[in-house]
Amino acid sequence: MPNFEYRKSTFSDKVAECVEVATNIPTTIAIRDSKHPAGPNLRVTPRAWLAFRAALVSEGPVTRG
């Protein structure tokens, strides 16, 4: 299993909604919930990650109702 080095995403809420991202493995981006570091992670290709980030930027911030 790869040794992912996680960092908090800049898209995370600094208090409650915490997403961590590992980009240190060239072929895989790993995403996890910082409140559950031993829990499952989502793994995507760098291309998928770039598309996801681009979609976030084009859609603007998410608001809660």
(Q) So, in the range 39-65, how many residues would count as being modelled with pLDDT of 90 or more, open to solvent by 60 Å² or more (accessible area, probe 1.4 Å) and assigned to a loop (DSSP other than H, G, I, E, B)? (A) 2
Q: Taking the residues in the range 26-38 that are surrounded by 10 or more Cβ atoms within 10 Å (Cβ to Cβ) and of a type in the set (S, T, N, Q) as candidates, determine which candidate is farthest from the chain's Cα centre (by Cα).
A: Thr28
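The values are calculated or read from the model by the stated rules, or taken from the named source; none is laboratory data. In this text, all values refer to a predicted model and were calculated from it rather than measured experimentally. Quick reminder, even Gly has a Cβ in these numbers, built from the backbone with ideal geometry, and neighbours come from all protein chains shown. Just the protein is used for accessible areas: all its heavy atoms, side chains included, with ligands, DNA and RNA removed. Shrake-Rupley method; radii C 1.70, N 1.55, O 1.52, S 1.80 Å.
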